[in-house]
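Beneath this line is the structure, given in structure tokens, with notes to follow.
The values are calculated or read from the model by the stated rules, or taken from the named source; none is laboratory data. Note that the coordinates shown come from a computational prediction; the quantities given were computed from them, not determined experimentally. Using ideal geometry, Cβ is built from the backbone for each residue, glycine included, and neighbour counts are taken over all protein chains shown.
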Amino acid sequence: MKVSFFIDRPVFSAVISILIVIVGIIGLQMLPIDQYPQITPPVVKISASYPGASAVTVSQAVATPIEQELNGTPGMLYMESNSSNSGGFSATVTFDISADPDLAAVEIQNRIKLAESSLPAEVIQNGISVEKQAASQLMTICLRSDDPKFDEIYLSNFATINVLDLLRRVPGVGRVSNIGSRYYAMQIWVDPAKLANFGLTVQDVQNALKDQNRESAAGVLGQQPVSGLDITIPITAQGRLSTVSQFEEIVLRANADGSLIRMRDVARVSLEASSYTTESGINGGNAAVLGIYMLPGANAMDVAEKVKETMEEISKNFPEGLQYEIPFDITTYISESIHEVYKTLFEALVLVIIVVFLSLQSWRATVIPIVAVPISLIGTFGFMLIFGFSLNIL
């Protein structure tokens, strides 16, 4: 093609330039703003708990059945699992980079359902979680207080009840993790010596808990085929227990002489932390730590701004003495990188203008790069979108 082709056809050149600018503007509007482009393969994480079991027991009773079902999952590259002496089990399944994370999570969930028939009842009762593992953490939010009455357990429980669900509903947020994960739970500390004196076992205690701490349909009075009654009344029975005193009154055994052996006779019941395997804090003080992960391809700047607005709204209902802070925010780096982009583009354009003017000594010739450089840069955004790059790595 001759060099003068576009020079001799200014209207055609103008139309091509306008099209390039339109494509670039569309790309600029659709480009994600992330720290890095999405080049990591999708990962799905499975978590389960078998309370009181050793790592060997968890490996044999939980890990083996799940791994047997997960093997051969379409698109799976490899799998890694871990069993701990605290009864915890976790597995991460890595898929091919072309796999859809949502479909991968659904496929894993379906295979976990097939494995449930081979798992202990306690594991199924505690629940098996399947979630997409986000590639990078967007920010960390800490709920903290200098008031001693707001201890770590209270803060973690407060965050779970009042903060987590609201943050999960923010558009672009993929997952919110309570890193400390310490919630209130009713703990029953059994004394083995007292159990032995009464001829009871831990299994007897578990059976009593299951029988006397559950919701049940008690029935209805006056229901058909009873005749002669104009009203039906549902029978309401006590459901799940909620206080320490109620748990202490659980009957473990009724003797022939009419005496009763209750939970308080063989165990100490207290409302405290559900787990003591993890702790969270900041600057030496108690804190609930929340990790915010965004969806792949989401605009990090936009998501972070909405998360901050949501936290500002939630904090209006915080009890006096409780506040939040954001010790880690990846958008700080992204903002600086975008600022450097603007700075570099401006410096490059000024240098081009100066060099062209000093070389050609003509303002008319200098106008050409003044127009051509912005058009070429704007058009670059369209190609960046096609190749899957993010705006801040320009």
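Computed values, structure above
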item	result
Helices (runs of 4 or more DSSP H) (entirely within region 153-266) containing at least 3 residues that are closer than 28 Å to Val44 by Cα and either touching a helix residue (DSSP H, G or I) at 6+ places or on another chain (Cβ under 7 Å) or without any contact (Cβ under 8 Å) to a residue 12 or more places away in the chain (or both)	164-168
Filter result (over 34 Å from the mean Cα position of the chain (by Cα) and of a type in the set (Asp, Glu)) within region 208-224	Asp211
Qualifying residue in region 245-254 (condition: at pLDDT 80 or above, among the aromatic types (Phe, Trp, Tyr) and out of contact with any Ser or Thr (no Cβ under 6 Å at 6 or more places or on another chain))	yes
Residue check, Glu107 closer than 30 Å to Phe389 by Cβ and over 17 Å from the mean Cα position of the chain (by Cα)	yes
Region 281-307 residues that are within 27 Å of Lys149 (Cβ to Cβ), paired with ones that are assigned to a loop (DSSP other than H, G, I, E, B) and at pLDDT 85 or above (beta carbon under 8 Å, 6 or more apart)	Leu290/Val163
Single residue of Gly75, Gly87, Gly127 found to be touching an Asp or Glu at 6+ places or on another chain (Cβ under 8 Å), at positive phi, modelled with pLDDT under 90 and not hydroxyl-bearing (Ser, Thr, Tyr)	Gly75
Count of residues meeting criterion [surrounded by fewer than 20 Cβ atoms within 10 Å (Cβ to Cβ) and either of a type in the set (Val, Ile, Thr) or out of contact with any Asp or Glu (no Cβ under 9 Å at 6 or more places or on another chain) (or both)] in region 270-292	12
Options Tyr333, Tyr324; residue that is aromatic (Phe, Trp, Tyr) and surrounded by fewer than 16 Cβ atoms within 10 Å (Cβ to Cβ)	Tyr333
Elements of type helices (runs of 4 or more DSSP H) contained in region 285-394, each with 2 or more residues being more than 27 Å from Asp102 (Cα to Cα) and touching a Pro at 6+ places or on another chain (Cβ under 6 Å)	331-360
Within region 27-124, strands (runs of 3 or more DSSP E) holding 3 or more residues that are more than 20 Å from Thr278 (Cβ to Cβ) and touching a strand residue (DSSP E or B) at 6+ places or on another chain (Cβ under 7 Å)	76-83, 88-95
Any pair with Cβ under 9 angstrom, 6 or more apart, that starts in region 310-338 at a residue that is free of Cβ contacts under 8 Å to residues at least 60 places away in the same chain and ends at one that is among the charged types (D, E, K, R)	Glu320/Asp147
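Yes/no matrix, rows are residues, columns are (1) aliphatic (A, V, I, L, M); (2) closer than 30 Å to Val307 by Cβ; (3) surrounded by 13 or more Cβ atoms within 10 Å (Cβ to Cβ):
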residue: Glu69; (1), (2), (3): no, no, yes
residue: Gly88; (1), (2), (3): no, yes, yes
residue: Ala91; (1), (2), (3): yes, yes, yes
residue: Arg111; (1), (2), (3): no, no, yes
